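Asks: Before anything else, here's the structure in question.
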Amino acid sequence: MDYIILDIEFNGRKFASDLPMEVIEIGAVRLNSALQHVDEFSSLIKPVYFSKLNSFIKKKTGIPQEDIDVAPGFPKVIAEFEQWLARSESFILVTWGGEDLKRIVFDTRMHKLDDTNWMAAYYFDLLKGFLRYKKVTNDVSVEAALLDLGITAEGSAHRALDDARMTSEVFRRLFGDLDFELKQQYKDQFSNSKERRMIKNAVRSMVSQKKIQEWDAFAENYLAARIALTDERKTAELKEYYSSELAKARQPKSGS
């Protein structure tokens with residue numbers, strides 16, 4: 001089993017737009033089963049939309065506009081990346097958070113490419129692994145994790161390959177304390193974190209006040225004015241999330 005430490009940069013932006021954000025750089029490090037560094041993958045990608053990087057992205061990543069101008073497009077790079085991945089007989093992706101794989105899936109679909117391999121791939125969220133190890137809940141950056149673990153950071157933050165290299169050092173340090181049973185596969189979500197947090201807080205309030213509502217009543221009395229429930233997939237997802245949060249909130253606390 002090889003471990004592919006993956007990082008991407010994408011053209012996130014501070015302004016509202018209906019146009020998609022796109023991956024502009026992929027970086028990856030391959031570690032073998034002995035956690036030895038085997039090889040690396042790195043490529044810039046020229047986006048279809050917003051081909052001129054805004055000042056925020058240029059400052060954050062340090063990627064020169066002239067390098068983006070001559071970079072290959074996503075279909076070519078992702079095909080080369082999949083060929084590079086195929087050198088491993090088996091592998092699991094390791095990411096810092098869940099955004100990297102999500103962005104690759106979104107761009108794959110945007111370019112009308114086959115997303116089968118990406119939907120089937122397993123990934124391990126090292127950010128969550130680090131938080132479990134430290135027994136904390138607030139998200140941290142890779143750089144903060146390196147500092148906490150006493151590992152000297154090398155390279156430039158917010159460049160994909162350098163971030164992948166730094167993440168690989170955190171991975172190696174924590175390897176013996178990671179639970180790989182918690183690996184995941186990408187799953188489409190039709191609700192956003194704000195909507196799910198809204199439901200979570202409402203459930204906690206209902207349980208504390210002992211005023212539990214069934215889903216239909218909750219959706220009509222509480223959600224209808226706050227969340228558009230016109231998408232059946234979103235409604236089903238939120239209903240499942242509601243049931244899950246209700247079950248957790250009803251569990252007796254340890255020691256009680």
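The values are calculated or read from the model by the stated rules, or taken from the named source; none is laboratory data. On a predicted model such as this, the values are computed, not experimentally measured, just so you know. Neighbour counts run over all protein chains shown; Cβ positions are idealised from the backbone, glycine included. These area figures cover heavy atoms from the full protein model, side chains too; ligands, DNA and RNA do not enter into them. Shrake-Rupley method; radii C 1.70, N 1.55, O 1.52, S 1.80 Å.
Asks: Would you confirm whether or not the range 76-95 contains a residue that is among the polar types (S, T, N, Q), open to solvent by less than 20 Å² (accessible area, probe 1.4 Å) and out of contact with any helix residue (DSSP H, G or I) (no Cβ under 7 Å at 6 or more places or on another chain)?
Replies: Step one: of the range 76-95, the residues among the polar types (S, T, N, Q) are 83, 88, 90, 95.
If we keep only those that are open to solvent by less than 20 Å² (accessible area, probe 1.4 Å) as well, we get 88, 95.
The next check asks that each one be out of contact with any helix residue (DSSP H, G or I) (no Cβ under 7 Å at 6 or more places or on another chain); those that pass are 88.
The answer is yes; a qualifying residue exists.
Asks: Residue by residue through the range 47-65, note down the ones that are at pLDDT 90 or above and closer than 20 Å to Ala157 by Cα.
Replies: The answer is Thr61, Gly62, Ile63, Pro64, Gln65.
Asks: So, Leu229, is that one more than 29 Å from Asn11 (Cα to Cα), of a type outside the set (Lys, Arg), modelled with pLDDT under 90 and touching a helix residue (DSSP H, G or I) at 6+ places or on another chain (Cβ under 6 Å) or not?
Replies: Details: more than 29 Å from Asn11 (Cα to Cα): yes; of a type outside the set (Lys, Arg): yes; modelled with pLDDT under 90: yes; touching a helix residue (DSSP H, G or I) at 6+ places or on another chain (Cβ under 6 Å): yes.
Spelling it out, Leu229 is indeed more than 29 Å from Asn11 (Cα to Cα), of a type outside the set (Lys, Arg), modelled with pLDDT under 90 and touching a helix residue (DSSP H, G or I) at 6+ places or on another chain (Cβ under 6 Å).
Asks: If Ala225 meets every condition in (1) outside the structural domain of His37 (by the TED database); (2) within 22 Å of the chain's Cα centre (by Cα) apart from one, which number is that one?
Replies: Among (1) outside the structural domain of His37 (by the TED database); (2) within 22 Å of the chain's Cα centre (by Cα), Ala225 violates only (2).
Asks: Give just the number: which of (1) open to solvent by less than 80 Å² (accessible area, probe 1.4 Å); (2) assigned to a loop (DSSP other than H, G, I, E, B) does Phe41 not satisfy?
Replies: So the condition that Phe41 fails would be (2).
Asks: Let me spell it out: the conditions are (1) in contact (Cβ under 8 Å) with a residue 40 or more places away in the chain; (2) farther than 23 Å from Leu44 by Cα, and Asp163 meets all of them except one. Which number is the exception?
Replies: All conditions pass for Asp163, except number (2).
Asks: In addition: Would you confirm whether any residue within the range 183-198 is open to solvent by less than 30 Å² (accessible area, probe 1.4 Å) and of a type in the set (A, V, I, L, M)?
Replies: Looking through the range 183-198, none of the residues is open to solvent by less than 30 Å² (accessible area, probe 1.4 Å) and of a type in the set (A, V, I, L, M).
Asks: State yes or no: is Thr108 in contact (Cβ under 8 Å) with a residue 60 or more places away in the chain and either in the same structural domain as Asp163 (by the TED database) or open to solvent by less than 50 Å² (accessible area, probe 1.4 Å) (or both)?
Replies: Criteria not met by Thr108.
Asks: Looking for whichever is surrounded by fewer than 10 Cβ atoms within 10 Å (Cβ to Cβ) and either at positive phi or not aliphatic (A, V, I, L, M) (or both) here; the options are Ser156, Ser208, Ser244, Ser168. Which one fits?
Replies: Values: Ser156 fails: surrounded by fewer than 10 Cβ atoms within 10 Å (Cβ to Cβ); Ser244 fails: surrounded by fewer than 10 Cβ atoms within 10 Å (Cβ to Cβ); Ser168 fails: surrounded by fewer than 10 Cβ atoms within 10 Å (Cβ to Cβ).
Within the list Ser156, Ser208, Ser244, Ser168, the selection yields Ser208.
Asks: Another one. Can you tell me which residue among Ile26, Ile57 is part of a helix (DSSP H, G or I), closer than 19 Å to Val142 by Cα and either without any contact (Cβ under 8 Å) to a residue 12 or more places away in the chain or open to solvent by less than 10 Å² (accessible area, probe 1.4 Å) (or both)?
Replies: Values: Ile26 fails: part of a helix (DSSP H, G or I).
After applying the criteria, what remains is Ile57.
Asks: Right, something else. Quick check, is Arg173 among the basic types (Lys, Arg), without any contact (Cβ under 8 Å) to a residue 60 or more places away in the chain and either open to solvent by less than 60 Å² (accessible area, probe 1.4 Å) or assigned by the TED database to the domain that holds Asp115 (or both)? Can you show your working first?
Replies: Details: among the basic types (Lys, Arg): yes; without any contact (Cβ under 8 Å) to a residue 60 or more places away in the chain: yes; either open to solvent by less than 60 Å² (accessible area, probe 1.4 Å) or assigned by the TED database to the domain that holds Asp115 (or both): yes.
Taking the combined requirement at face value, the residue satisfies it.
Asks: With the condition kept exactly as written, say whether any residue in the range 85-94 is part of a loop (DSSP other than H, G, I, E, B) and of a type in the set (Val, Ile, Thr).
Replies: no
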